[in-house]
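Report on the structure given below.
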Amino acid sequence: MHDFVVSEPLVIIAQDAGHGKVLARILTEHGYQPANADYGDALATVGVVRPRLVVLGICDCMQGHEVAQKIHSAFPEVRLIVLVPEGEYRMGLDFLEEGASDFLFKPVSERALRVALDRALNALEVKEENEVLKAKNKILESSQQLCRQLFDEVPCYISVQNKDRRIVRSNRQFKLDFGACLGERCYEVYKHRTHPCPNCPVEQTFNDGLMHQTEEVVTTRTGQQKVVLTLSAPLRDENGEITEVMELATDISQIRELQDRLTSLGLFIGSISHGVRGMLTALDGGLYRLEKGIANQDLSMAADGMERVKVMISRIRNSVLEMLYYSKDRDPNIQTVDVQSFGDGVANFVEPKATKHDIRFQKEFHGVLGQMDLDPETISAGLVNILENAVDACIEDESKERHFVAFIVEGTHERVSFIIRDNGMGIDRATQEKMFSLFFSSKGSKGTGLGLYIANDVVHQHGGTISVDSKVGQGTEFRVELPRKRVRSLQQADGMQEDSLHSAHTSQV
Amino acid sequence: MAKKIMIIDDDPNIVTYLEDIFHDAGYATCKAMDGADALAVVNQEKPDLITLDLEMPKEWGPRFYRELSQDKVHGSIPVIVISGLAGNKYAIQKAVASFTKPFDRAELLKVIKETIG
């Protein structure tokens, strides 16, 4: 309760000026700053003083109600304490119902008035505090909503992880591509690994409280691979302890793809440029002879020059065509081939290598064979690459006495499948996920990292799929499925091509 | 007597081309298809100038040049590099000139004339 109020302005409205002045004197002693008014100038005085409290003495009930109503409607925030004639309990209740905050009977005691005013002030303060709280709450709510929205809509995968690397929160983008994996471990969800990744940025952040950055290849729940840039940041509790770490992963697959393509083109051009320079020089030599033969009317020299020019032009032509293949501007050279003889051709390429290493090479044809549409050059190169990998996997594997590589061709009316099966060393899941990427090689200096990338690429160009099933130590099965008739729209519509790309990465273990 | 130019290149088409130009410009020629055989040819033929390719299968140009420059009799024979490698200038710094394939015929003959006449 207030014992003494510091300069609280207040208006006392009374028809009896004397009565008003007595009240004013009493309230002044309690620290109020009262202003007196009668019914006539009540509203004007309240308008000037702008008090939080008004004391209204009632002589004439009708007039009193009128003044009370005017004050309520003009200044709804003002607390009105009404002094009603003694015993007029009903009148007091009437005023309360109309919005007065309290009523007292006349003659009012000093104490009763002080208590009533104090209570009114208290109520006002509570109300004001309440409003401030409400306003604060509103700000809090809207900033929480904003945070949630940012968390969800930011175009990155965000996961919050605890010390066990378990995901305790994730944003919408993450749930969309990786599922609601709450409680599961980060490396299981992102990479299908059984153990934490080496150089885990989250672990490093738990250890040193700093931000860490890595680049990772992750696999979505639909089997799509993404290259992501991950950034980890600590989340601390009120004691400053790191209890959780936030990991933010940004999809940079498209940038990487572009980079890969540029690198591959650069490497390729670098590797052929020496050859091309030689060819161009020899072309100059042929032209020189041709010109000299014509100038000297020496037909045999001209013919020799012409022959050299022809040979060089055809070599340069082949190099340029290869280059166009890498730069993706090349259209597949689709031909109708006999499935059996195409399969035989592919097998003949690899069989000697297998036999040389004492690996049994098995060739099987099943189902409808007949004819199919494909670019024999690129598809056979892709199949030979997979077959050679199978042979290598057997050579590398020392755990078995006997090895085999099987090349199985199975046809239906719609599709032809080429299955390459071996009992070599097998491929672990992590390698399976990366093996179609450019320049990924598990063979060290023996591989360029181009083979499976190109195989994958040409199969997609044909609207087909490559899938792989492998068990470490037991062997591997690659399955290349191609439509018998090439569907034009499939490789022309970009979206479709992307879809087929996704499905091709699906591996079944 | 005509000055003699020795051509060292593993590509027979390019050797033929260089022989054609040099003969037409009044020079005699001899050749080696690899750096490994080249020194013997130099001893036998005693050329006045050598054109040298850098990338050859058995022994590559710079190594031949090192051996040549250590030879007391033939160490000072001028060498012109003609190679498909970009940046071949740096491979043999004492070379009279370096040409990148495909080269400018007139420019090559001009340099040869300035060097051996």
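Bear in mind that the values in this text are calculations on the coordinates, not laboratory data. On a predicted model such as this, the values are computed, not experimentally measured, just so you know. Every residue, glycine as well, gets a Cβ built from its backbone with ideal geometry; the counts of neighbours run over all protein chains shown.
Only Cα pairs under 8 Å and 6+ residues apart enter the sum, and on that basis the relative contact order of the range B:1-57 stands at 49 percent. Less than 5 angstrom separates the built amide H of A:R486 from those of A:D373, all sequence-distant by 5 or more or on a different chain. Legend: ranking of residues A:E29, A:E238 from fewest to most surrounding C-beta atoms inside 10 Å; resulting order A:E238, A:E29.
Listed by chain and number, the lysines whose C-alpha is less than 26 Å from the C-alpha of A:K70, apart from same-chain residues fewer than 8 away, are A:K21, A:K106, A:K127. Placing unit charges on each Cβ (+1 for Lys and Arg, -1 for Asp and Glu) gives the protein assembly as shown a dipole about its Cα centre, and among A:G92, A:F151, A:V55 the Cα reaching farthest toward its positive end belongs to A:F151.
Estimated from helical segments only, the mean residue ellipticity of chain A at 222 nm is -16500 deg cm²/dmol, where each DSSP H run of four or more residues counts as -39500 (n - 2.57).
The range B:56-72 and the range A:196-242 have Cα centres lying 55 Å from one another.
The long axis of helix A:253-295 is offset from the longest Cα principal axis of chain A by roughly 30 degrees. Axis angle, to the nearest 10 degrees, between helix A:494-504 and the longest C-alpha principal axis of chain A: 80 degrees. Between A:C156 and B:Q93, the C-beta separation translates, for a Förster distance of 56 Å, into a calculated FRET efficiency of about 0.60.
In whole percent, what relative contact order does chain A give with Cα contacts below 8 Å and a gap of six or more residues?
7 percent
Within straight-line reach of B:K58, meaning a Cα separation under 18 Å, sit the following aspartates and glutamates at least 8 residues removed in sequence or on another chain: B:D9, B:D10, B:D11, B:D34, B:D37, B:E67. Under the simplified labelling scheme, the A:C147-A:R221 pair shows an inter-label distance of 2.6 nm, with each label point 7 Å from Cα along Cα→Cβ. DSSP bridge analysis restricted to the protein assembly as shown gives an antiparallel fraction near 55%, rounded to the nearest 5.
Longer than 22 Å from Cα to Cα, which of A:K191/A:K471; A:K138/A:K175; B:K4/B:K72; A:K353/A:K471 are they? Say none if no pair is. Violating the 22 Å Cα-Cα cut-off are A:K138/A:K175; A:K353/A:K471.
Ordering A:H462, A:L287, A:A24 by the projection of their Cα atoms onto the charge dipole of the protein assembly as shown, which places +1 on the Cβ of Lys and Arg and -1 on the Cβ of Asp and Glu, puts A:L287 at the extreme positive end.
Dividing the mean sequence gap of close Cα pairs (under 8 Å, 6+ apart) by how many residues the range A:8-129 holds gives a relative contact order of 22 percent. What is the angle, in °, between the Cα long axis of helix A:61-74 and the longest principal axis of the Cα atoms in chain A? Nearest 10 is fine, range 0 to 90. In chain A, helix A:61-74 runs at an angle near 30 degrees to the longest axis. Applying the criteria of a DSSP loop state and at most 16 other Cβ atoms within 10 Å to the GluC sites (Glu not before Pro) of the range A:355-421 yields A:E398, A:E401, A:E414.
Annotation: amide H of A:L56 within the under-5 Å range of A:I13, A:I81, A:V82, A:L83, sequence separation 5 or more or interchain, hydrogens built in the peptide plane.
Taking every DSSP helix (H) stretch of at least 4 residues in chain B, weighting each as -39,500 (n - 2.57) and dividing the sum by the residue count yields a mean residue ellipticity at 222 nm of -12000 deg cm²/dmol.
Listed by chain and number, the lysines whose C-alpha is less than 25 Å from the C-alpha of A:K485, apart from same-chain residues fewer than 8 away, are A:K328, A:K363.
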